[in-house]
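**Student:** Got a structure for you, written out below as structure tokens; questions coming shortly.
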Amino acid sequence: QTGYTALDQGFVNTAATKSAITYIDGDAGILRYRGYAIEEVAQHSTFLEVAYLLIYGELPSTDELAAFDERIRRHTLLHEDLKRFFDALPHTAHPMSVLSSAVSALSTYYENELSVRDHDQIEAATVRLLAKLPVIAAYAHKKSLGQAFLYPDNSLSFVDNFLKLNFGTMAEPYEINPIVSKALDRLLILHADHEQNASTSTVRLVGSTEANMFSSISAGINALYGPLHGGANEAVLNMLGEIRDSGQTVKQFIERVKNKEEGVRLMGFGHRVYKSFDPRAKLVKESAEEVLAALGVNDPLLELAMELEEAALADDYFVERKLYPNVDFYTGVIYKAMGFPTRMFTVLFAIGRLPGWIAHWREANADKSTRIGRPQQLYVGAPARGWPTDR
Ligand code: SDX
């Protein structure tokens, strides 16, 4: 073993990079985007303004934001050939697989926007991704329904256009519900960045090889898909449904979790960094109650989620391990009330996280001290041995 390498599985104690984008204090439950507290950002900002802040580092002027919004609106159309891409997939395709595949395919349409150095190409790729990811996501949703794809409506805001693409049809005019629109914009803000989480670290690692932005983001989407990461919001709804359908009580389920029954976890709980509470979870829980009440939706799964939270927070097993609700615990109940199918939940997380991924990819590529990511390992395999003579 040449020199001693400390093993740090899961990078619990390893800082892989410097970054100026997002700050988290896990013990104090603090989250700041470019220095602004998440509570203030969620209250005062919009998702596109937050995207601008994360990517460019400062809040935009009114004109800068208008120009940013306009540039994105003007790139919402997918190439007509790319729309045929969806025909190749079964209608049962999971939207996260559709998303990562389509984003990877997107790079083949923009061969002159793959640079990791040219500012104009990086700007172009940034706008293409912000404009087209929601459209690809909506088409994945429509594909699963067997419904026609709508064209984007550039007279609408980023979120309203996305809602119309998902829930509008060719046969009826679609009316935006302002409550849903505002709530979704806020949820996207809450997902916009989270420093070196697994998917963002993936985007940085892939970007460290000088792979283009599209390919790096596609890798991030795949990392987010996992149920231990962004896929948890889908897993929470499945967990709540299983508890309800099985007739088991909250107490019985909590016992199964504590007994570490194979594959039984309290999804939406726990976090590598937050060891007190996830400030986003508090804001999402407030939103859940507001949105469901405003939509007149009375979902017993929300009550069940609150019962689970109460039971866990009163149980030493969870308290000792500092397990609290994370951002994924309550989001699914809101997305469900908005009309999204469960398998679209992590896609919504990806749309929210896209500005963060882009900001980190750009930061890493602009940082001259960035080196290709290549961790060491501790070798524990077979010692040197000769090739068998009888083969
Ligand atoms: C996100 O990193 C980010 O910032 C991610 C994210 C972002 O914005 O990008 O915040 C988004 O991914 C949120 C997390 C969503 N995942 C889930 O909700 C899945 C359930 N949570 C866990 O799998 C887990 O808590 C993780 C993955 C979130 C964190 O994993 P860690 O830090 O490796 O913790 P661990 O698995 O080592 O758990 C420590 C202990 C263990 O018990 P012991 O072995 O010490 O007895 O806590 C237990 C675990 O068994 N534990 C849980 C649990 N989470 C941890 N027990 C029951 N239910 C859980 N959810």
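The values are calculated or read from the model by the stated rules, or taken from the named source; none is laboratory data. Note that the coordinates shown come from a computational prediction; the quantities given were computed from them, not determined experimentally. Ideal geometry is used to build each Cβ from the backbone, glycine not excepted, and the neighbour counts take in all protein chains shown. Ligands, DNA and RNA are stripped out before the accessible areas are found, and what is left, the full protein with its side chains, is counted by its heavy atoms. Shrake-Rupley method; radii C 1.70, N 1.55, O 1.52, S 1.80 Å.
**Student:** Taking LEU145 as meeting all but one of (1) in contact (Cβ under 8 Å) with a residue 60 or more places away in the chain; (2) over 23 Å from ARG73 (Cα atoms), write down the number of the exception.
**Tutor:** Unmet condition: (1).
**Student:** Something else now. Does GLY230 qualify as being within 16 Å of the ligand (Cβ to nearest atom) and closer than 29 Å to SER181 by Cα?
**Tutor:** Spelling it out, GLY230 is indeed within 16 Å of the ligand (Cβ to nearest atom) and closer than 29 Å to SER181 by Cα.
**Student:** Checking the conditions here, which among ALA140, ALA171, ALA131 is among the small types (Gly, Ala, Ser) and surrounded by fewer than 20 Cβ atoms within 10 Å (Cβ to Cβ)?
**Tutor:** Details: ALA140 fails: surrounded by fewer than 20 Cβ atoms within 10 Å (Cβ to Cβ); ALA131 fails: surrounded by fewer than 20 Cβ atoms within 10 Å (Cβ to Cβ).
It is ALA171.
**Student:** Assigned to a helix (DSSP H, G or I), open to solvent by 10 Å² or more (accessible area, probe 1.4 Å) and farther than 26 Å from GLU113 by Cβ: is that true of ARG244 in this structure? Steps first, please.
**Tutor:** Working: assigned to a helix (DSSP H, G or I): yes; open to solvent by 10 Å² or more (accessible area, probe 1.4 Å): yes; farther than 26 Å from GLU113 by Cβ: yes.
The answer is yes for ARG244.
**Student:** Go through (1) open to solvent by 30 Å² or more (accessible area, probe 1.4 Å); (2) among the small types (Gly, Ala, Ser); (3) farther than 30 Å from SER208 by Cβ; (4) not in a loop (DSSP other than H, G, I, E, B) for GLY10 and report which single condition fails.
**Tutor:** (3)
**Student:** Within the stretch 13-33, can you find the residues that are under 21 Å from the mean Cα position of the chain (by Cα), open to solvent by less than 60 Å² (accessible area, probe 1.4 Å) and not acidic (Asp, Glu)?
**Tutor:** The answer is THR17, SER19, ILE21, THR22, ILE24, GLY26, GLY29, ILE30, LEU31, TYR33.
**Student:** I've got another one for you. When the stretch 257-276 is examined, which residues are found to be more than 10 Å from the ligand (Cβ to nearest atom) and open to solvent by less than 70 Å² (accessible area, probe 1.4 Å)?
**Tutor:** Passing the criteria: only SER276.
**Student:** All but one of (1) over 23 Å from THR249 (Cα atoms); (2) surrounded by fewer than 14 Cβ atoms within 10 Å (Cβ to Cβ) hold for SER287; which doesn't?
**Tutor:** It fails just one condition, (2).
**Student:** Within the stretch 59-73, identify whether any single residue is closer than 28 Å to HIS271 by Cβ and open to solvent by less than 90 Å² (accessible area, probe 1.4 Å), and answer yes or no.
**Tutor:** Yes, the stretch 59-73 contains a residue that is closer than 28 Å to HIS271 by Cβ and open to solvent by less than 90 Å² (accessible area, probe 1.4 Å).
Yes or no, residue by residue, for (1) within 16 Å of LEU348 (Cβ to Cβ); (2) surrounded by fewer than 21 Cβ atoms within 10 Å (Cβ to Cβ):
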| residue | (1), (2) |
| --- | --- |
| ASN166 | yes, no |
| GLU175 | no, yes |
| VAL180 | yes, yes |
| ARG186 | yes, no |
| ILE189 | yes, no |
| ALA192 | yes, no |
| GLU195 | no, yes |
| SER199 | yes, no |
| VAL203 | no, no |
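**Student:** Report every pair of residues separated by at least 6 positions or lying on different chains whose Cβ atoms are under 6 Å apart, first residue within the stretch 67-87 and in contact (Cβ under 8 Å) with a residue 40 or more places away in the chain, second open to solvent by 30 Å² or more (accessible area, probe 1.4 Å).
**Tutor:** From the stretch 67-87, the pairs are ARG73/ASN154; HIS75/ARG128; PHE86/LYS143.
**Student:** Looking at (1) closer than 27 Å to ILE72 by Cα; (2) open to solvent by 50 Å² or more (accessible area, probe 1.4 Å); (3) not small (Gly, Ala, Ser), which is the one condition that is false for PHE345?
**Tutor:** If we test PHE345 against (1) closer than 27 Å to ILE72 by Cα; (2) open to solvent by 50 Å² or more (accessible area, probe 1.4 Å); (3) not small (Gly, Ala, Ser), just (2) comes out false.
**Student:** Filter the stretch 100-128 for residues that are closer than 18 Å to ARG71 by Cα and among the charged types (D, E, K, R); which is most open to solvent (accessible area, probe 1.4 Å)?
**Tutor:** In this case the residue turns out to be ASP120.
**Student:** Answer yes or no: is there a residue in the stretch 145-161 that is more than 21 Å from PHE47 (Cβ to Cβ), in a helix (DSSP H, G or I) and either charged (D, E, K, R) or open to solvent by less than 40 Å² (accessible area, probe 1.4 Å) (or both).
**Tutor:** Scanning the stretch 145-161, I find no residue that is more than 21 Å from PHE47 (Cβ to Cβ), in a helix (DSSP H, G or I) and either charged (D, E, K, R) or open to solvent by less than 40 Å² (accessible area, probe 1.4 Å) (or both), so the answer is no.
**Student:** Hey, another quick one. Of all residues in the stretch 296-340 being on the phi < 0 side of the Ramachandran plot, outside any helix (DSSP H, G or I) and within 11 Å of the ligand (Cβ to nearest atom), which is farthest from the chain's Cα centre (by Cα)?
**Tutor:** Among those that are on the phi < 0 side of the Ramachandran plot, outside any helix (DSSP H, G or I) and within 11 Å of the ligand (Cβ to nearest atom), it is ASP315.
**Student:** For PRO178, state whether it is away from the ligand (no atom under 12 Å from the Cβ) and either over 27 Å from ILE122 (Cβ atoms) or touching a strand residue (DSSP E or B) at 6+ places or on another chain (Cβ under 6 Å) (or both).
**Tutor:** When the stated conditions are applied, PRO178 passes them.
**Student:** Condition (residue is open to solvent by 60 Å² or more (accessible area, probe 1.4 Å) and within 15 Å of the ligand (Cβ to nearest atom)) applied to the stretch 206-220: is it met by at least one residue?
**Tutor:** no
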